[in-house]
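As structure tokens, the structure follows; a few thoughts come after it.
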Amino acid sequence: MTGDDSHKKESSTPHITKPTYVLSNNDGVGAKITHVELTGPNYAEWAKGFRNGLGAKWKLGFINGFLKILSDDSEDLEDWMTVNFTVVAWVFNTIEPSLRSTISYRDTSVELWEDIKNRFSHGNEVKIYQLESDIADCKQKDEESIMAYYGRIKKLWDDVNDYDSLPTCDSSGCKCGLTVTLRKRRETRQS
């Protein structure tokens, strides 16, 4: 094999990029990326399912603010706008129809996401208190298997974790270990 042949082999290796602005055939505006439909009280479950769906499609940056709107002179602006409006459609597709009509339209998916979050995530402290009270009262029922009991109490703890997310350090390149420390503390408390 000559030096030229090895170069050809090397360059034929596919280059994989993150498909942030790529939409597949299954990613039309009519798609539902989570089976959970927002009804209001189930905001935490819906938001988690939606974030997971977006993450699987490399589109999470559109709702968490990481992928901000591009400048008017950017060559990727049209691609950004296409994906942004698709994400907006996906959000509306997963909202209960009677509730959907009460939600104001926003031009960017991050604005829509924040609007929905501000509207439906209120009352978390009351919900957390209720869940922790349910955990304190949770006892194994007569003739209930240990697996069923474990499943019930685990679901309550998972709900608490959904409503009471751990704070994270926003410092770039942070090495303080805050999230790890808090996660270990929570795991100890829940065991």
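The values are calculated or read from the model by the stated rules, or taken from the named source; none is laboratory data. Just so we're clear, the structure is a prediction, and the values are computed from it rather than from any experiment. When we count neighbours, we look across all protein chains shown, and the Cβ atoms used for this are built from the backbone with ideal geometry, even at glycine.
Here are a few things to note about the model shown:
- Of K141, K154, all but one fail to be in a helix (DSSP H, G or I) and at pLDDT 85 or above; the exception is K154.
- When the test is whether a residue is outside any helix (DSSP H, G or I) and among the acidic types (D, E), D115 does not pass it.
- Members of the range 136-166 found to be acidic (D, E) and either in contact (Cβ under 8 Å) with a residue 60 or more places away in the chain or closer than 26 Å to F120 by Cβ (or both), listed by number: D158, D159, D162, D164
- Flag if E75 is part of a helix (DSSP H, G or I) and either exposed (fewer than 15 other Cβ atoms within 10 Å of the Cβ) or at pLDDT below 90 (or both): no
- Considering residues of the range 42-67 that are touching a residue at least 12 places away in the same chain (Cβ under 8 Å) and assigned to a loop (DSSP other than H, G, I, E, B) only, the residue surrounded by the most Cβ atoms within 10 Å (Cβ to Cβ): K59
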